[in-house]
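In what follows, a structure is listed as C-alpha cells, so that the remarks can point back to it.
The values are calculated or read from the model by the stated rules, or taken from the named source; none is laboratory data. Here the structure is a predicted model, which means the values were calculated and not measured. Note: ideal-geometry Cβ built from the backbone for every residue, glycine included; neighbour counts use all protein chains shown.
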Amino acid sequence: MRKIITIIFCCISLVAFCQRTAYTTNDDFEKEIEHQIKFSVPLISVSDLKENQDQYILLDIREKEEFMVSHIPGAQHVGYDRVNFNLLDSLNKEVPIVVYCSIGYRSEKVGELLQERGFKKVYNLFGSIFEWSNQNQPLHNSQNELTNELHTYDKNWSKWVTNKNIKKTW
C-alpha cells in the first residue's frame, strides 16, 4: 500500500510540474523576476497577450525616453516616476488592461495603483518588454515603425535581453 501511495504522489507531482506555465525563455531570468515582484497583480504571458492583444488596453509604465526608443505596438505611455493620471482617469475600468515595463517590477506597482483606483481586470506582463523582445515579438519606435532597438534601463539589466537581434541602449 505504501508503494502505491508513493507512486500516486510521484505521478501527481510529475503532472503538476509538466503543467507549470513557462513564462520566459530563460529560467534564470524567470527566477530574477520572481525575486523582484510580489505577485500582487495577476500575470499574463507574452504568448497569451500576443494571442488576444486586441482585447486589452496596453500600458507602458517605463519612462518617456525608454518608450520613445521602442515599445510594444499599440501601447500607450503612462510612465512611472510621473504617472499620467489624466490618461488613467480616461480609461474604462471594465476593459482588461495589461501593464508592462522592463521586467515587471514597475508595472506591478502601477498595476496595484490601478486596482486601488477601481480597475477590475489588470494584468502584469511577466517579463515585460524584455521577454516580449526575447520571444521575437515586434517593437515600434517613436514614429510607430518597426525597430530592433530596445532601451534596457541600464547595463546591468540589459543582460536579460538575450535576443541577439536586439540592439540594446540605456
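Here are some notes:
- If you go through the range 134-170 and keep only what is of a type in the set (Lys, Arg) and either crowded, with 16+ Cβ neighbours inside 10 Å or more than 18 Å from the chain's Cα centre (by Cα) (or both), you end up with Lys155, Lys164, Lys167, Lys168.
- His71 in contact with a Lys or Arg (Cβ under 9 Å, 6 or more places away or on another chain), crowded, with 24+ Cβ neighbours inside 10 Å and touching a residue at least 40 places away in the same chain (Cβ under 8 Å): yes
- The range 77-93 - residue that is under 16 Å from Asn124 (Cβ atoms) and either β-branched (Val, Ile, Thr) or surrounded by fewer than 14 Cβ atoms within 10 Å (Cβ to Cβ) (or both) and, of those, modelled with the highest pLDDT: Val78
- Of all residues in the range 134-170, those that are free of Cβ contacts under 8 Å to residues at least 40 places away in the same chain and not aromatic (Phe, Trp, Tyr) total 17.
Here is a yes/no grid of residues against (1) modelled with pLDDT under 95; (2) buried (at least 19 other Cβ atoms within 10 Å of the Cβ); (3) assigned to a helix (DSSP H, G or I):
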residue: Phe9; (1), (2), (3): yes, no, yes
residue: Ile12; (1), (2), (3): yes, no, yes
residue: Thr21; (1), (2), (3): yes, no, no
residue: Thr24; (1), (2), (3): yes, yes, no
residue: Asp28; (1), (2), (3): no, no, yes
residue: Asp48; (1), (2), (3): no, no, yes
residue: Glu51; (1), (2), (3): no, no, yes
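- For the range 23-33, residues that are without any contact (Cβ under 8 Å) to a residue 12 or more places away in the chain and within 19 Å of Val110 (Cβ to Cβ) total 0.
- The number of residues in the range 114-133 that are modelled with pLDDT under 95 and within 15 Å of the chain's Cα centre (by Cα) comes to 0.
- Scanning the range 35-88 for residues that are within 14 Å of the chain's Cα centre (by Cα) and aromatic (Phe, Trp, Tyr) returns Phe39, Tyr56.
- The helices (runs of 4 or more DSSP H) found entirely in the range 84-170 that carry 2 or more residues being of a type in the set (Gly, Ala, Ser) are 105-116, 128-134.
- Counting the residues of the range 79-96 that are farther than 14 Å from Glu116 by Cα, among the aliphatic types (A, V, I, L, M) and in contact with a Lys or Arg (Cβ under 9 Å, 6 or more places away or on another chain) gives 1.
- Selected residue (only one of Val110, Val98 is touching a helix residue (DSSP H, G or I) at 6+ places or on another chain (Cβ under 8 Å), crowded, with 16+ Cβ neighbours inside 10 Å, in contact (Cβ under 8 Å) with a residue 12 or more places away in the chain and among the β-branched types (Val, Ile, Thr)): Val98
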